[in-house]
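*Asks:* Sharing a structure below in structure tokens format, with a few things to ask.
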Amino acid sequence: MTFVAIVPAGGAGTRLWPLSRRSHPKFLIDMTGVGRTLIQATSDRLEGLADDLIVVTGKDHAKAVAEQLDLSEDALVIEPSPRGTMPAIGLVAAIVEKRHGPDAVVGSFAADHLISDTGAFQQAVRTAIDSAKTGKVVTIGITPTSPDTGFGYIHVGEETTVKGAYAVAEFMEKPDLPRAVEYVESGTFLWNAGMFVSRAGVLLDSLAQFKPELAAGLRAIAAEWDGPGRAEALTGWDDLEDSVIDRAIAEPLAEIGGVTTVPVSMGWSDIGGYASLSEHLDNSAEQVSSGGSAQPVVLSGSDGAVVYSHDRPIVIHGIPEAVVVDTGDVLLVTTKEQSAGLGGVVASLGDDLNRLR
């Protein structure tokens, strides 16, 4: 059975500004200093697992994505405008359905996540594929390491006939801290990392069950994708409903028993900000990245600082948990705690500072 990996590559990652910007988002950057960008690392861990890989991205980043991954034209889907994860993933699923048939399995994996244990990831995907073959939509759930309030949660039910795959009782929204503690202590909840595996036909038929117009629109575009009618078919793209896959399919389908999950511990992070990034830097002991610069960084009484240097020395004195990012055209100074609100600050910069975004 054919397995096609879908890699949605979108978003500006403003919580990691100014490293990540609209013109150069985090999935195109070697955020941790290992010599591979996040999207390259995503492709690397899918190598040997997927028969094919298709990236869906916007026109502004298509050239950079194609160059970084050395993609053929067939392996790159350029969406005319952002419509949310459901149209993006659904369009590729519909293209795969057209090319390989409805029984081909597709799996969606974000371009900008970190996973340190590739072996555990690949085994989880194989189990998810086995569960998808039974007609389920499968999500790969992350075993929580803390009561984090920044993630949605998956309520795990009984194990299915596929070993390692469990029924999903329900999806839970991001909780407050007391409820997150309750979830983690119960041992029956997983973090929702937004990874979904399914037969292409099952995914689209499920979408047709809950959002028939969207499913029909995606299949209509896919029908013309590999022919001369693609451009004309794409004129209907902006009329499609803007939606996310969790709410469009996963949540309502779970209520009727159509979703399973594969729990895994694999060193996963969505790198949601500088605090989480600091835990994954290649030089995590010092939490300093040269950014290609040979300029010195001096830390004095500043334990836990995160520093990205550029073309000048940086000295931090007496500021524990500092975050200093020098990109040449922008200097950011904050702390790990305060950096959690960075996305809102970037959003308020205004049109005259869009060049910095």
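The values are calculated or read from the model by the stated rules, or taken from the named source; none is laboratory data. Just so it is clear, the model here is predicted, and its values are computed rather than measured. All Cβ positions, glycine included, derive from the backbone under ideal geometry; neighbour counts span all protein chains shown. Remember, those area values only see protein heavy atoms, side chains included, never the ligands or the DNA or RNA. Shrake-Rupley method; radii C 1.70, N 1.55, O 1.52, S 1.80 Å.
*Asks:* Which residues, counting only those in the range 255-278, are over 18 Å from the mean Cα position of the chain (by Cα) and among the acidic types (Asp, Glu)?
*Replies:* Answer for the range 255-278, where residues must be over 18 Å from the mean Cα position of the chain (by Cα) and among the acidic types (Asp, Glu): just Glu255.
*Asks:* Based on what the data block shows, is Ala88 under 21 Å from Asp239 (Cα atoms), open to solvent by less than 30 Å² (accessible area, probe 1.4 Å) and modelled with pLDDT of 95 or more? First the steps, then the outcome.
*Replies:* Numbers: under 21 Å from Asp239 (Cα atoms): yes; open to solvent by less than 30 Å² (accessible area, probe 1.4 Å): yes; modelled with pLDDT of 95 or more: yes.
In short, yes.
*Asks:* Filter the range 139-171 down to the residues that are in contact with a Phe, Trp or Tyr (Cβ under 7 Å, 6 or more places away or on another chain), open to solvent by less than 40 Å² (accessible area, probe 1.4 Å) and either within 16 Å of Phe196 (Cα to Cα) or assigned to a loop (DSSP other than H, G, I, E, B) (or both) and list them by number.
*Replies:* Thr139, Gly141, Ile142, Pro144, Phe151, Gly152, Tyr153, Ile154, Val156
*Asks:* Among (1) part of a helix (DSSP H, G or I); (2) free of Cβ contacts under 8 Å to residues at least 40 places away in the same chain; (3) open to solvent by 20 Å² or more (accessible area, probe 1.4 Å), which single condition is Ala120 missing?
*Replies:* (2)
*Asks:* So, of the residues in the range 44-59 that are small (Gly, Ala, Ser) and over 17 Å from Leu28 (Cα atoms), which turns out to be surrounded by the most Cβ atoms within 10 Å (Cβ to Cβ)?
*Replies:* Restricting attention to the range 44-59, the residues satisfying the condition of being small (Gly, Ala, Ser) are 48, 50, 58.
When the remaining residues are screened for being over 17 Å from Leu28 (Cα atoms), the result is 48, 50.
Numbers: Gly48: 7, Ala50: 22.
Here the answer is Ala50.
*Asks:* Something else now. Kindly provide the set of residues from the range 6-29 that are among the hydroxyl-bearing types (Ser, Thr, Tyr) and either at pLDDT 95 or above or open to solvent by less than 30 Å² (accessible area, probe 1.4 Å) (or both), ordered by number. Walk me through it before giving the result.
*Replies:* Kept after step one, since they are among the hydroxyl-bearing types (Ser, Thr, Tyr), are these residues of the range 6-29: 14, 20, 23.
Of everything in the range 6-29, just one residue is among the hydroxyl-bearing types (Ser, Thr, Tyr) and either at pLDDT 95 or above or open to solvent by less than 30 Å² (accessible area, probe 1.4 Å) (or both), namely Ser20.
*Asks:* Which of the residues that make up the range 227-239 are within 19 Å of Glu97 (Cα to Cα) and either in contact with a helix residue (DSSP H, G or I) (Cβ under 7 Å, 6 or more places away or on another chain) or crowded, with 16+ Cβ neighbours inside 10 Å (or both)? If you could, list the steps in order and put the result at the bottom.
*Replies:* Of the residues in the range 227-239, the ones within 19 Å of Glu97 (Cα to Cα) are 227-230, 233-234, 237.
Scanning the range 227-239 gives Arg230, Ala233, Leu234, Trp237.
Here is a yes/no grid of residues against (1) among the basic types (Lys, Arg); (2) assigned to a helix (DSSP H, G or I):
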| position | (1), (2) |
| --- | --- |
| Ser43 | no, yes |
| Lys63 | yes, yes |
| Arg83 | yes, no |
| Pro87 | no, yes |
| Gly90 | no, yes |
| Ala94 | no, yes |
| Pro102 | no, no |
| Gly107 | no, no |
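*Asks:* While we're on this one: Quick test for you: out of Ala62, Ala66, Ala41, pick the one residue that is farther than 28 Å from Ala231 by Cα, touching a strand residue (DSSP E or B) at 6+ places or on another chain (Cβ under 8 Å), of a type in the set (Gly, Ala, Ser) and crowded, with 17+ Cβ neighbours inside 10 Å. Walk me through how you get there before you give the answer.
*Replies:* Numbers: Ala62 fails: farther than 28 Å from Ala231 by Cα; Ala66 fails: farther than 28 Å from Ala231 by Cα.
Of the residues listed, the single one that is farther than 28 Å from Ala231 by Cα, touching a strand residue (DSSP E or B) at 6+ places or on another chain (Cβ under 8 Å), of a type in the set (Gly, Ala, Ser) and crowded, with 17+ Cβ neighbours inside 10 Å is Ala41.
*Asks:* Can you go through Thr42, Thr32 and tell me which one is at pLDDT below 95 and within 30 Å of His280 (Cβ to Cβ)? Before the answer, list the steps.
*Replies:* Values: Thr42 fails: at pLDDT below 95.
From the options Thr42, Thr32, the qualifying one is Thr32.
So that you can scan it fast, the table gives a plain yes or no per residue for (1) more than 28 Å from Thr149 (Cβ to Cβ); (2) at pLDDT 85 or above:
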position: Glu251; (1), (2): no, yes
position: Val259; (1), (2): no, yes
position: Ser278; (1), (2): no, no
position: Ser284; (1), (2): no, no
position: Ala294; (1), (2): yes, no
position: Ser309; (1), (2): yes, no
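*Asks:* Same structure, new question: Which condition breaks for Asp112 when tested against (1) open to solvent by 10 Å² or more (accessible area, probe 1.4 Å); (2) modelled with pLDDT of 95 or more; (3) in contact with a helix residue (DSSP H, G or I) (Cβ under 7 Å, 6 or more places away or on another chain)?
*Replies:* Unmet for Asp112, out of (1) open to solvent by 10 Å² or more (accessible area, probe 1.4 Å); (2) modelled with pLDDT of 95 or more; (3) in contact with a helix residue (DSSP H, G or I) (Cβ under 7 Å, 6 or more places away or on another chain): (2).
*Asks:* So, of the residues in the range 261-276 that are among the hydroxyl-bearing types (Ser, Thr, Tyr) and modelled with pLDDT of 95 or more, which turns out to be surrounded by the most Cβ atoms within 10 Å (Cβ to Cβ)?
*Replies:* Filtering the range 261-276 for residues among the hydroxyl-bearing types (Ser, Thr, Tyr) gives 261, 265, 269, 274, 276.
Filter once more, so that each one left must be modelled with pLDDT of 95 or more: 261, 265.
Numbers: Thr261: 31, Ser265: 12.
Among them, the one singled out is Thr261.
*Asks:* Another question, if that's okay. Can you pull out the residues in the range 172-190 that are out of contact with any Ser or Thr (no Cβ under 8 Å at 6 or more places or on another chain) and open to solvent by less than 30 Å² (accessible area, probe 1.4 Å)?
*Replies:* Taking the range 172-190 as the starting set, the residues that turn out to be out of contact with any Ser or Thr (no Cβ under 8 Å at 6 or more places or on another chain) are 172-173, 178-179, 181-183, 185-189.
Those that are out of contact with any Ser or Thr (no Cβ under 8 Å at 6 or more places or on another chain) and open to solvent by less than 30 Å² (accessible area, probe 1.4 Å): Tyr183, Phe189.
*Asks:* Related question: I'd like the residue in the range 70-85 that is open to solvent by 30 Å² or more (accessible area, probe 1.4 Å) and hydrophobic (A, V, I, L, M, F, W, C) and, out of all such residues, is nearest to Ser43 (Cα to Cα).
*Replies:* So, considering only residues that are open to solvent by 30 Å² or more (accessible area, probe 1.4 Å) and hydrophobic (A, V, I, L, M, F, W, C), the one nearest to Ser43 (Cα to Cα) is Leu71.
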